[in-house]
């Protein structure tokens, strides 16, 4: 992509529309939406450039079902657990057992 010109356009799918609306809602009104997109991209780069998470590991269909960060408020965890289906809940329980085993092995 050539970034030497001053104008770029993006397509806004029905899935992306809600994300852009939420971003616009939290955007400080003294900066442009395009600058807000750049700030969001910069934040993503800073937090994910260590190779731990890849952009293609996300799906626009399950953004709301993302696992909260480990030390998130317990209400976020309650919401997450109540939203996931049975298969995902089983995967989550297996991961919890793995973490518990690691902790017990190191104690």
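Laboratory data are not the source of any read-out in this text; all were calculated from the coordinates shown. The structure displayed is predicted, hence computed values, not measured ones.
Tabulated results
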| item | result |
| --- | --- |
| Nearest-ten-degree value, helix 74-83 long axis tilted from longest Cα axis of the chain | 90 degrees |
| Debye log10 I(q)/I(0) for the chain, one point scatterer per Cα, at q = 0.20 Å⁻¹ | -1.37 |
| In degrees, nearest ten, helix 86-106 long axis to first principal axis of the chain (Cα) | 70 degrees |
| From the C-alpha gyration tensor of segment 67-107, square roots of 5λ in Å | 21, 14, 6 |
